[in-house]
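The values are calculated or read from the model by the stated rules, or taken from the named source; none is laboratory data. Everything quoted here is computed from the prediction, not taken from an experiment. Heads up, the Cβs are rebuilt from the backbone with ideal geometry, glycines too, and the neighbour counts pull from every protein chain shown. For accessibility, only protein heavy atoms count, side chains too; no ligands or nucleic acids. Shrake-Rupley method; radii C 1.70, N 1.55, O 1.52, S 1.80 Å.
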Amino acid sequence: MRAPIWFYRAGVGFLFGSRLLMLEHVGRSSGATRYAVLEVVSRPTKSSVVIASAVGRKAQWFQNLVAEPQCRVSIGWRRHAEARATVLSPEDAVHFLADYQSQHPEVWERLKSLMTDLHGGDPNFELPLVRLELSPPPEQRSDRQVRT
């Protein structure tokens, strides 16, 4: 999923709609800005997005968000929205995954097979979910000054 990063950075990430997002996060060791394009599991509100770590808690982006939850998100027409990440408890994650499975059954079956392989054939792997709370977009100033 590295190739879509260039689309988002070029300002045309909206082409992916709201099924994908680009996450900008800070490397926990390097302090450098890192990027990951991830699938959206759920959009419970206009200002929140839920994503999953298919490789579990070992994913670099996941570990970086645990170390520094402040991040930025580009999704749809929104670019570089400030956000804060929260790892959901397994109990809270259950209903988001159930909704995803019912809305996208064929995709879920393929993903589940792939994730089972990634987790050494264990069909009971942990799939941690992260909620991203996006800050409201900045207000547009209606009283712009005209230069003379």
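Details
- If R0 is 22 Å, the Cβ-Cβ spacing of His95 and Arg43 corresponds to a FRET efficiency of close to 0.95.
- When +1 charges are put on Lys and Arg Cβ atoms and -1 charges on Asp and Glu Cβ atoms, the dipole computed for the stretch 1-66 relative to its Cα centre reaches about 100 debye.
- Summing charges over all other residues whose Cβ lies under 13 Å from the Cβ of His80, with Lys and Arg as +1 and Asp and Glu as -1, gives +2.
- For the chain, adding -39500 (n - 2.57) for each run of n ≥ 4 DSSP H residues and dividing by the number of residues yields -8500 deg cm²/dmol at 222 nm.
- Computed over the stretch 1-110, the alpha-carbon pair-distance distribution with 10 angstrom bins reads 13, 46, 35, 5, each value a whole percent.
- Accessible area per residue was computed with a 1.4 Å probe on protein heavy atoms; Glu109 scores about 110 Å².
- 5 angstrom amide H check on Val26, placed H, neighbours 5+ away: Arg34
- Given charges at Cβ of Lys, Arg, Asp, Glu: the stretch 1-129 dipole, positive-most of Leu111, Ala54, Thr33: Thr33
- Element breakdown for the chain at a 1.4 angstrom probe: carbon and sulfur atoms account for 53% of the accessible area.
- Of the residues Arg2, Arg78, ranked by 1.4 Å probe accessible area with the largest first, the sequence reads Arg2, Arg78.
- Dipole magnitude for the chain: computed about the Cα centre from +1 point charges on Lys and Arg Cβ and -1 point charges on Asp and Glu Cβ, it is near 780 debye.
- Spin-label model distance (nm) - Arg79 vs Glu109, 7 Å beyond Cα toward Cβ: 4.0 nm
- Highest average first, the peptides 127-137, 4-14 ordered by how many other beta carbon atoms sit within 10 Å of their residues are 127-137, 4-14.
- Over all other residues within a Cβ to Cβ distance under 10 Å of Pro69, the charged ones net out to -1, with Lys and Arg as +1 and Asp and Glu as -1.
- Coordinate range of the alpha-carbon atoms in the stretch 2-48 per principal axis, descending: 32, 23, 14 Å.
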